[in-house]
1. Show the residues, 5+ positions off or on another chain, whose built amide H is closer than 5 Å to the amide H of ASP281.
2. Loop only by DSSP, 12 or fewer other Cβ within 10 Å of the Cβ. Give me the GluC sites (Glu not before Pro) in segment 168-248 that pass, ordered by residue number.
3. From the backbone phi of segment 185-193, what are the Karplus-calculated ³J(HN,Hα) couplings (6.51 cos²θ - 1.76 cosθ + 1.60, θ = phi - 60°) in whole Hz, Gly and Pro given as x?
4. Report the FRET efficiency, 1/(1 + (r/R0)^6), for ASP434 and LYS124, where r is their Cβ-Cβ distance and R0 is 45 Å, rounded to 0.05.
5. Scan the chain and report its longest stretch carrying no trypsin sites (Lys or Arg not before Pro) that are both in a DSSP loop and have at most 16 other Cβ atoms within 10 Å.
6. Which entries in the list LYS3/LYS435; LYS120/LYS435; LYS6/LYS120; LYS404/LYS453 go over 30 Å, if you measure between the two C-alpha atoms of each?
7. Debye calculation, C-alpha points only, no solvent: report log10 I(q)/I(0) for segment 276-357 at q = 0.12, 0.22 Å⁻¹, in the same order as the q values.
8. Principal axis lengths of the chain from Cα atoms, whole Å, largest first?
Amino acid sequence: MAKTLKYDVVIVGLGPAGSSLAYFLKDSGLKVAGIDLVDWDGLWGKPCGDAIGEHHFDETGLPKPEGEAMRNRVVGIDVYSPREDVKLRVKGYGYIIDRNAYGRGLVKAAMDKGVDVWLKTFVKRPLIEDGRLIGVEARGPNGEDLVFRGKVTVDATGTSSVIRRRLPREWPVNEKLKPTDANIAYRKIVDLDHEIEDYQYIRIYVNMSIAPGGYWWFFPEGPTSVNVGLGVQGGRGYPSPKQIFEEKLANRPELKGIVRVKADAGAMVPTRRPANTLAWDGFIGIGDNGFTVNPVHGGGMGYAMVAAKYASQAIVEAFEAGDFSRYGPLWKTNTLYMRSIGARQAALDIFRIYLQTLTDEEIEWGLKNGVVKADDAYVISSEGELKANLSVLDTAKVLARMLKRPSMLLQLRTVGNYMKKAKNLYLSYPESPDKLGEWVSSVEELYKEFKGKLGIDW
Ligand SMILES: Cc1cc2nc3c(=O)[nH]c(=O)nc-3n(C[C@H](O)[C@H](O)[C@H](O)COP(=O)(O)OP(=O)(O)OC[C@H]3O[C@@H](n4cnc5c(N)ncnc54)[C@H](O)[C@@H]3O)c2cc1C
């Protein structure tokens with residue numbers, strides 16, 4: 001006989017999404033459980049590049065990394081062309097964090113304010129009674145059967161999607177991740193026997209012959225330690241990123257003088273627009289689980305934190321209203337997210353799809369000829385618009401060069417156009433779940449039309 005534990009909110013998964021939510025709810029007066037299968041040292045253990053922009057902390061009010069949680073202060077990003085002939089230095093402050101240390105800090109702050117944290121507790125499945133989600137079934141730290149009941153159940157289990165994918169098929173929240181909408185990524189963290197040049201700049205190398213449909217990175221964690229890895233688009237039959245790492249990166253000059261390998265692992269990351277809905281009756285799914293990730297660079301920690309912030313506001317309002325249905329305040333998780341960062345994410349998804357069609361030669365040419373400049377790269381990644389490119393295209397010099405590549409010019413105009421359309425569609429995310437089906441059809445039609453124009457069949 002399973003032991004039943006009653007909570008207001010049950011959060012499954014204490015990675016960036018779940019622990020941020022627990023942190024935001026810590027002063028709400030609600031009875032909150034946070035559950036994870038890992039132990040204290042394993043919190044936030046998913047392999048990662050560990051890079052996060054400073055603006056995410058400003059946007060959410062989460063504590064900035066400091067002490068052992070901060071490994072390196074980043075002051076900019078160097079983006080390299082395929083032949084490495086062009087280097088764009090993009091401004092932007094951020095951090096390389098010690099994920100475990102930062103995550104433990106958030107979880108501890110939540111526990112100190114009364115959030116119940118259940119570690120080494122494996123959630124098996126959602127619990128549905130009379131067609132309603134009422135919590136989860138789990139196996140506790142001593143192998144005991146547990147039932148966690150809650151008015152709101154949150155799936156923050158990342159790509160394992162322990163609850164979302166087991167919800168009834170007819171619930172629109174049960175949405176699968178297409179392999180081509182994800183990157184398979186792999187990284188090593190190593191100590192070097194020398195000081196890294198400009199170690200406060202993280203480096204991104206766009207090179208389709210090394211990282212097809214993604215990029216490879218070199219993120220210094222400090223003067224003599226670095227996180228190096230790559231992401232490869234899924235579903236296209238490319239070799240595994242680990243294999244590519246050993247064949248094409250391990251002997252790079254940047255990796256000469258390794259004295260110690262500190263970590264070595266890979267995982268999947270969604271690289272698409274947000275899930276069609278982050279909320280349903282008694283349910284919220286955020287973080288990798290709700291595909292709240294930047295589609296172009298695959299950064300998901302900041303987006304998970306923002307999604308958690310909006311989810312916490314919706315949850316508090318749902319308890320004030322005593323309404324946990326999709327027609328109540330929980331729906332606000334969607335409207336708040338989709339009409340802000342989600343709209344940017346949708347536009348960036350169009351840009352990501354376009355990037356995945358380009359050859360190294362085209363990327364080299366575009367970067368060399370100023371089609372994208374450093375400031376544009378910043379605008380594209382932070383605003384999700386191609387306005388920078390379009391304004392660049394309007395300058396006579398670049399336009400004259402682009403006329404030598406009429407197909408690329410046309411494509412770029414199409415991309416800019418569809419980025420705007422996608423953004424507008426997300427800005428008009430439906431106020432009511434009853435309109436969700438109609439809205440999803442428009443989104444699917446838009447992306448299909450865009451892929452058709454670019455001749456993409458995946
Ligand atoms: C190699 C790589 C590099 C990356 N680099 C970056 C980067 O530099 N910057 C960035 O911002 N993002 C990066 N990302 C993406 C980032 O790691 C994720 O977007 C982020 O971790 C998502 O957070 P999350 O909380 O949604 O999920 P997760 O971090 O996956 O956390 C999910 C939690 O749920 C728990 N869980 C799962 N199943 C169960 C279960 N059955 N019962 C109980 N608990 C369960 C897990 O133990 C885990 O703690 C990278 C990803 C990869 C793979």
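FYI, it's all coordinate maths here, none of it is from the lab. Here the structure is a predicted model, which means the values were calculated and not measured. All Cβ positions, glycine included, derive from the backbone under ideal geometry; neighbour counts span all protein chains shown.
1. It is ARG326, by chain and number.
2. Here the GluC sites (Glu not before Pro) that fit, given the DSSP loop and packing criteria, are GLU170, GLU195, GLU197.
3. 10, 9, 8, 10, 10, 10, 8, 10, 8
4. My answer for the efficiency is 0.90.
5. My reading of the result: 257-372 is the longest stretch.
6. LYS3/LYS435; LYS120/LYS435
7. Rounded to two decimals, the profile gives -0.35, -0.93.
8. So the three principal-axis extents are 70, 54, 38 Å.
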